[in-house]
Protein chains: 2
Amino acid sequence: MTKPQLPSSLSAFRALVAEMPRRDEAAAQAARAREAVLTKPAGALGRLEPIAEWAAAWQGRHPPAIERIRVVVFAANHGVAAQGVSAYPAAVTAQMVANFEAGGAAINALSGAVGAALKVVPLHLEAPTGDITVEPAMSEAACVAALGEGMAAVDAETDLLCLGEMGIGNTTAAAALCAALFGGDGTHWAGPGTGVDVAGLARKRAAIDSALAVHADAGGGPMEALRRLGGRELAAIAGAVAAARYARIPVLLDGFVCAAGAAALHALDDGALDHCLAAHRSAEPGHGHLLQRLGMTPLLELGMRLGEASGAALAAGIVRAALRTHGAMATFAEAGVSERDD
Amino acid sequence: MTKPQLPSSLSAFRALVAEMPRRDEAAAQAARAREAVLTKPAGALGRLEPIAEWAAAWQGRHPPAIERIRVVVFAANHGVAAQGVSAYPAAVTAQMVANFEAGGAAINALSGAVGAALKVVPLHLEAPTGDITVEPAMSEAACVAALGEGMAAVDAETDLLCLGEMGIGNTTAAAALCAALFGGDGTHWAGPGTGVDVAGLARKRAAIDSALAVHADAGGGPMEALRRLGGRELAAIAGAVAAARYARIPVLLDGFVCAAGAAALHALDDGALDHCLAAHRSAEPGHGHLLQRLGMTPLLELGMRLGEASGAALAAGIVRAALRTHGAMATFAEAGVSERDD
């Protein structure tokens, strides 16, 4: 599959999504056949078992590889932060990027724990997106650039890609985007995010409802919703998800904001995220609603709500373990183990 | 804390359990204090956060260490297998032990994925325990020996111990033991195990109810229930859990059978498992009932039902990641990251 060109417009990106490669059914079949003869009762490894088939189908090879795990964290700033929707000041986005680069954040430790390479991609932190309660978050050019930055961040030499984000105010953008894509209002989609108080949550809900009203008649479909209500890191995640599909890289999506960026692709094509697994269910209530809409059952449910790809990096250990069992276990015949009595 | 002597009787083991060391509150306090100043919103790592305090409290040091993860799998045979309670012949226990030793089983791959050392402890496979539907599983001498073999299997040079088991017929023994400890009958506690069919499940329930009737009037408390209804690997797990407590090693319990062995200690002293976490919730329905009785919320829920410490080894990656974040993350002050606005 040839590497797609970076898109020159939202419509070019839509065309690129429409042409994404499909599952490799031969690799999937080879994975199913091997899984069935490994020395364990059928199904006894539960959700670990279909992971081998999923990875084989999307890597397009059997056995699937799992040596090169990469984590990419996109960071951006949001004009809507001025509405008092976060417990932290907007300056924290750049401070946390510096913390990622210095190795001091949770994602550094979690990437290290699973042996993953971490890439941090700050997206014009000096230029927050427009305040969605009064204007679009991005011009078409800015949105297309962010999609392209997401695509460009995907290294083809990757067996599993963990995607995440950082951006003060971005659960507000994610909630507004989800409401535009799937219906519902600020009360349905907003949650405490980094831990906003009751008054802050009320401001957040109001900001989302204002944004929905301002952009209600815009039309233009999911990409236009992403441009108007999302943010650079949400667009970059959408771009990275698409580029990973072309590069035959399975993806772990982190929490609410990451899934919201990816959801724009799902709204274009309901098979667009078939090469992605939900790493975990965040404590942010909107994430649960969104996973249900996306038809995804997360691997982990540990009450995390940090972002930074933290849940994805943690779940990468589960995927690696699943693929190690698939690759390394003996078959009943090899091990001389008796099969079932019945 | 001095290493306890191997017990010479069930009553000596009970005394040993009664004297187990308690939490190190100073280490726990140090962990809480550090966790509160790491560069993340308080609580944003969800269930990862209290793991640092738990490990510090039970290792008795801060920061807690997580370099040396060990997996111990106890294997034994069960006279009750003759009642047709498993989908596999009893010979599979020894065949799987050979598979563990040759490196071909799921637990080999899962231990390898998390960098853990694996020890397999076959417990007199040539001598199945008594058929619990007609006689006690073990003499007192045999039960005491198994407790001691479990204790002896714990290496003091361990930061985290993952316990598991293998034994054809042992979900029947575990279910009978749970019923004796907590009430309920074969229908409540029995499940498909390795994947028994409808007729097999009926035989399993009947075997459990027969065993409960045969041993109903025996008395003697949890250790006597373990001797009469359990099995060597269940007793060894109880012994290993107690020895780990003395050696200041936190423990991950695997699935239903492992938790049932540990539950005998809980029935003696409801704080006896405070140094243990439930690694996962097995697909075996009795495990969910048992975790509820033990007041444990598992880390993972992936529909696994293999045993072999497979869920514990998988969850060891979660514990390691939690302790890496605790140890390696920068504080707000170190990183120059702003704290909350409010």
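Considering each residue of the stretch B:270-280 in turn, none proves to be over 22 Å from B:GLY112 (Cα atoms), at pLDDT 95 or above, assigned to a helix (DSSP H, G or I) and among the charged types (D, E, K, R). In the set (1) within 9 Å of chain A (Cβ to nearest Cβ); (2) more than 20 Å from B:GLU165 (Cβ to Cβ); (3) part of a helix (DSSP H, G or I), B:ALA333 fails one condition alone, (1). I'm trying to understand the selection: among the residues of the stretch A:29-64, which are aliphatic (A, V, I, L, M), without any contact (Cβ under 8 Å) to a residue 40 or more places away in the chain and assigned to a loop (DSSP other than H, G, I, E, B)? Within the stretch A:29-64, A:ALA36, A:ALA42, A:ALA44 meet the criteria. Quick one: in the stretch B:308-330, of everything that is within 8 Å of another protein chain (Cβ to nearest Cβ) and within 21 Å of B:GLY195 (Cβ to Cβ), which residue is surrounded by the most Cβ atoms within 10 Å (Cβ to Cβ)? Residue satisfying both the conditions and the ranking: B:SER310.
Can you find a residue in the stretch B:95-104 that is of a type in the set (S, T, N, Q) and touching a Leu at 6+ places or on another chain (Cβ under 9 Å)? Within the stretch B:95-104, not a single residue is of a type in the set (S, T, N, Q) and touching a Leu at 6+ places or on another chain (Cβ under 9 Å). Applying the selection to the stretch B:152-199, what residues are under 19 Å from B:PRO128 (Cα atoms), in contact with a Lys or Arg (Cβ under 9 Å, 6 or more places away or on another chain) and in a helix (DSSP H, G or I)? Listed by number, the residues that qualify are B:THR171, B:THR172, B:ALA175, B:ALA176, B:LEU177.
Let's see how each residue does on (1) closer than 21 Å to B:ALA98 by Cβ; (2) assigned to a strand (DSSP E or B):
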position	(1), (2)
B:LEU118	yes, yes
B:HIS124	yes, no
B:THR133	no, no
B:PRO136	no, no
B:CYS143	no, no
B:GLY150	no, no
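Counting only residues that are surrounded by 24 or more Cβ atoms within 10 Å (Cβ to Cβ), closer than 17 Å to A:PHE13 by Cβ and of a type in the set (Gly, Ala, Ser), the stretch A:261-290 holds 4 of them.
Take B:ALA81 and decide whether it is in contact with a Ser or Thr (Cβ under 6 Å, 6 or more places away or on another chain) and either among the aromatic types (Phe, Trp, Tyr) or within 12 Å of chain A (Cβ to nearest Cβ) (or both).
Numbers: in contact with a Ser or Thr (Cβ under 6 Å, 6 or more places away or on another chain): no; either among the aromatic types (Phe, Trp, Tyr) or within 12 Å of chain A (Cβ to nearest Cβ) (or both): yes.
Against the criterion (in contact with a Ser or Thr (Cβ under 6 Å, 6 or more places away or on another chain) and either among the aromatic types (Phe, Trp, Tyr) or within 12 Å of chain A (Cβ to nearest Cβ) (or both)), B:ALA81 does not qualify.
Among the numbered conditions (1) more than 18 Å from A:VAL114 (Cα to Cα); (2) more than 16 Å from the chain's Cα centre (by Cα); (3) touching a residue at least 12 places away in the same chain (Cβ under 8 Å), the only one that A:ARG324 does not meet is (1). With respect to A:GLY148, is the statement that it is in contact (Cβ under 8 Å) with a residue 12 or more places away in the chain and either buried (at least 24 other Cβ atoms within 10 Å of the Cβ) or within 25 Å of A:MET304 (Cα to Cα) (or both) true? Here the answer is no, as A:GLY148 does not meet what is asked. One residue alone among B:GLU224, B:GLU233 is surrounded by fewer than 24 Cβ atoms within 10 Å (Cβ to Cβ), modelled with pLDDT of 95 or more and acidic (Asp, Glu), and that residue is B:GLU224.
Going through A:ARG34, A:ARG23, A:ARG47 one at a time, which residue ends up being more than 14 Å from every other protein chain (Cβ to nearest Cβ), at negative phi and of a type in the set (Lys, Arg)? The unique qualifying residue is A:ARG23.
Could you go through the stretch B:115-136 and let me know if any residue there is modelled with pLDDT of 95 or more and at the interface with chain A (Cβ under 10 Å from one of its Cβ atoms). Looking for residues that are modelled with pLDDT of 95 or more and at the interface with chain A (Cβ under 10 Å from one of its Cβ atoms), one finds at least one in the stretch B:115-136, hence yes.
Taken over the stretch A:85-109, the residue count meeting the criterion of being in contact (Cβ under 8 Å) with a residue 40 or more places away in the chain, facing chain B (nearest Cβ under 10 Å), buried (at least 17 other Cβ atoms within 10 Å of the Cβ) and assigned to a loop (DSSP other than H, G, I, E, B) is 5. Only a single item in (1) acidic (Asp, Glu); (2) more than 11 Å from chain B (Cβ to nearest Cβ); (3) part of a helix (DSSP H, G or I) is not met by A:GLU67, and it is number (3).
Looking only at residues in the stretch A:295-307 that are assigned to a loop (DSSP other than H, G, I, E, B) and facing another protein chain (nearest Cβ under 9 Å), which one is nearest to the chain's Cα centre (by Cα)?
Just the residues of the stretch A:295-307 that are assigned to a loop (DSSP other than H, G, I, E, B), to begin with: A:295-299, A:301-307.
In the following step, the residues that additionally are facing another protein chain (nearest Cβ under 9 Å) were identified as A:299, A:301-307.
Numbers: A:LEU299: 13, A:GLU301: 16, A:LEU302: 17, A:GLY303: 17, A:MET304: 15, A:ARG305: 14, A:LEU306: 14, A:GLY307: 10 Å.
Of everything passing the filter in the stretch A:295-307, A:GLY307 is nearest to the chain's Cα centre (by Cα).
Taking the numbered list (1) of a type outside the set (Phe, Trp, Tyr); (2) outside any helix (DSSP H, G or I); (3) surrounded by fewer than 20 Cβ atoms within 10 Å (Cβ to Cβ) in turn, B:GLY112 passes all entries but (2). Considering only residues that are over 20 Å from B:VAL319 (Cβ atoms) and free of Cβ contacts under 8 Å to residues at least 24 places away in the same chain, look in the stretch A:272-294 and name the one that is farthest from the other protein chains (Cβ to nearest Cβ). Result: A:GLN292. Filter the stretch A:176-209 down to residues that are of a type in the set (D, E, K, R) and touching a Ser or Thr at 6+ places or on another chain (Cβ under 6 Å) and give me whichever is surrounded by the most Cβ atoms within 10 Å (Cβ to Cβ). In this case the residue turns out to be A:LYS204.
The values are calculated or read from the model by the stated rules, or taken from the named source; none is laboratory data. This one's a predicted model, so the numbers in the text were calculated from it and none came from an experiment. Counting neighbours? That spans all protein chains shown, and the Cβs are built from the backbone with ideal geometry, glycine included.
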